[in-house]
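J.: Here you go, one structure.
The values are calculated or read from the model by the stated rules, or taken from the named source; none is laboratory data. Because the structure is predicted, anything quoted here is derived from the model rather than measured. Neighbour counts run over all protein chains shown; Cβ positions are idealised from the backbone, glycine included. All accessible areas refer to the heavy atoms of the entire protein, side chains included, with ligands and DNA or RNA removed. Shrake-Rupley method; radii C 1.70, N 1.55, O 1.52, S 1.80 Å.
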Amino acid sequence: MDLSELERDNTGRCRLNSPVPAVCRKEPCVLGIDEAGRGPVLGPMVYAICYCPLTRLADLEALKVADSKTLSESERFRLFAKMEEDGDFVGWALDVLSPNLISTSMLGRVKYNLNSLSHDTATGLVRYALDQGVKVAQVFVDTVGPPETYQKWLQQRFPGIEVTVKAKADALFPVVSAASICAKVARDQAVKNWQFVEKLRDLDADYGSGYPNDPKTKAWLRKHVDPVFGFPQFVRFSWRTAQSILETEAEDVTCVAVSLLQGGLADRGSGGTREDQVLLQ
């Protein structure tokens with residue numbers, strides 16, 4: 001999987017995709033959606049779709065795809081390579097969301113929680129497939145939040161498509177299993193080859209699992225927190241684990257904007273203008 005575009009700029013989001021098989025523009029297709037990296041405090045979250053004609057679903061099943069969490073890293077890479085070889089009837093697309101994008105979305109003035117970000121990303125990938133000419137007839141999704149609510153929400157957006165949302169869909173439907181493999185392969189590769197924009201001394205690449213409750217991950221976070229600038233962009237600073245470390249390891253920062261404005265008022269004379277006084281209140 002070529003992640004060179006992500007490696008050039010890993011600060012936002014990155015869309016990657018396979019060529020669309022010609023048959024997928026002619027025959028009704030089934031499409032699966034899954035993600036990798038929703039819970040970790042380190043690295044990106046990757047959403048993936050995988051699709052194939054309904055008439056070739058048995059061929060996809062014959063690859064023995066399975067929930068990516070039940071497979072070893074080598075097995076996932078082998079199955080992804082096999083799907084690439086079968087590119088005449090299997091297609092995929094990814095949306096890689098950087099830790100920086102996730103955190104700034106969640107902590108923005110207008111809150112954008114992880115569930116909403118996940119739902120919108122999944123929807124965007126379905127629309128992308130449709131825009132590429134894929135004849136999507138059925139969609140299977142591994143749920144985020146209550147499956148009934150999510151299914152109704154998706155069905156309203158794609159009224160001409162049969163939508164099924166289930167918990168553990170990656171273990172129930174082969175096309176979702178295939179999507180989960182695509183997502184996990186991409187995330188593993190992105191984490192392993194992460195390009196740090198910061199100049200970190202003594203960079204330790206042994207992050208552990210990346211999950212908040214992993215002692216090795218916590219130790220890495222404490223080692224690489226800067227007392228003034230915080231964490232590298234590899235870290236989801238909106239996660240409670242990261243925030244707790246900032247509270248104990250980083251320095252308090254006082255905003256100087258008001259002080260600068262007050263200095264400007266002093267230069268103007270007594271009290272400044274009415275507009276200036278309103279700004280200071």
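J.: What accessible area per residue, rounded to a whole number of Å², is obtained for segment 1-137 using a probe radius of 1.4 Å?
T.: On a per-residue basis, 43 Å².
J.: How much accessible area per residue does segment 165-209 have, counting only protein heavy atoms and a probe of 1.4 Å, in square angstrom?
T.: That works out to 50 Å² per residue.
J.: In the set (1) 15.8; (2) 19.0; (3) 16.6, which value of mean projected area of the Cα convex hull in nm² was calculated from the structure you see?
T.: Computed from these coordinates, mean projected area of the Cα convex hull in nm² corresponds to label (2).
J.: For the pair Asn115 and Ala137, what calculated FRET efficiency results from E = 1/(1 + (r/R0)^6), where r is the Cβ-Cβ distance and R0 = 25 Å, to the nearest 0.05?
T.: Approximately 0.40, to the nearest 0.05.
J.: In degrees from 0 to 90, rounded to the nearest 10, what is the angle of the helix 114-131 Cα long axis to the longest principal axis of the chain?
T.: Helix 114-131 sits at roughly 50 degrees to that axis.
J.: As a test, work out the antiparallel percent of DSSP beta bridges whose residues both lie in the chain, rounded to the nearest 5.
T.: Roughly 70 percent of the DSSP beta bridges within the chain come out antiparallel.
J.: Measure nothing but the geometry: give the 0 to 90° angle between the long axis through the Cα atoms of 257-268 and the longest principal axis through the Cα atoms of the chain, rounded to 10°.
T.: Its long axis makes an angle of about 40 degrees.
J.: Where in the chain lies the longest segment free of GluC sites (Glu not before Pro) that are both loop residues by DSSP (not H, G, I, E, B) and have at most 14 other Cβ atoms within 10 Å?
T.: Longest site-free region, per DSSP loop and neighbour criteria: 1-197.
J.: Another question about this same structure. How high is the relative contact order of the chain, in percent, with contacts defined as C-alpha pairs under 8 Å that are six or more residues apart?
T.: In percent, rounded to a whole number, it is 26.
J.: Mean-square fluctuation check for the chain, GNM, Cα pairs under 10 Å: which of Val23, Val175, Val126 is largest?
T.: Val23
J.: Still on this model: Is the shape of segment 1-43 rounded, prolate or oblate, going by the alpha carbon gyration tensor and its root eigenvalues a ≥ b ≥ c, with a/c under 1.5 for rounded and a/b larger than b/c for prolate?
T.: Oblate.
J.: How much FRET efficiency would the formula 1/(1 + (r/R0)^6) give for Trp153 and Asp9, where r is the Cβ-Cβ distance and R0 is 30 Å, rounded to 0.05?
T.: Computed FRET efficiency for Trp153 and Asp9: 0.45.
J.: Through the Karplus equation 6.51 cos²θ - 1.76 cosθ + 1.60, θ set to phi - 60°, convert the phi angles of segment 70-77 into ³J(HN,Hα) values in whole Hz; use x for Gly and Pro.
T.: Rounded to whole hertz, the list is 8, 10, 6, 4, 5, 5, 5, 5.
J.: Identify which of Asp226, Asp95, Asp202 has the largest mean-square fluctuation in a Gaussian network model of the chain, with springs joining Cα atoms closer than 10 Å.
T.: Maximum fluctuation in the GNM of the chain, among the listed residues, is at Asp202.
J.: For a quick check, take a GNM of the chain with Cα springs below 10 Å and name the residue from Phe196, Phe237, Phe173 with the largest mean-square fluctuation.
T.: Phe196
J.: Carbon and sulfur together cover what percent of the accessible area of segment 1-148 at a 1.4 Å probe radius?
T.: Summing carbon and sulfur atoms, their accessible area is 50 percent of the total for segment 1-148.
J.: First check a/c for segment 65-144, with a ≥ b ≥ c the square roots of the eigenvalues of its C-alpha gyration tensor; if it is under 1.5, answer rounded, and if not, answer prolate when a/b is larger than b/c or oblate otherwise.
T.: Judged from the Cα gyration tensor, segment 65-144 comes out oblate (a/c at least 1.5, b/c at or above a/b).
J.: Could you compute the FRET efficiency for Asp202 and Lys69, with r as their C-beta to C-beta distance and R0 at 51 Å, rounded to 0.05?
T.: Here the calculated transfer efficiency is 0.95.
J.: To the nearest 10 degrees, how steeply does helix 240-249 sit against the main Cα axis of the chain, on a 0 to 90 scale?
T.: 30 degrees
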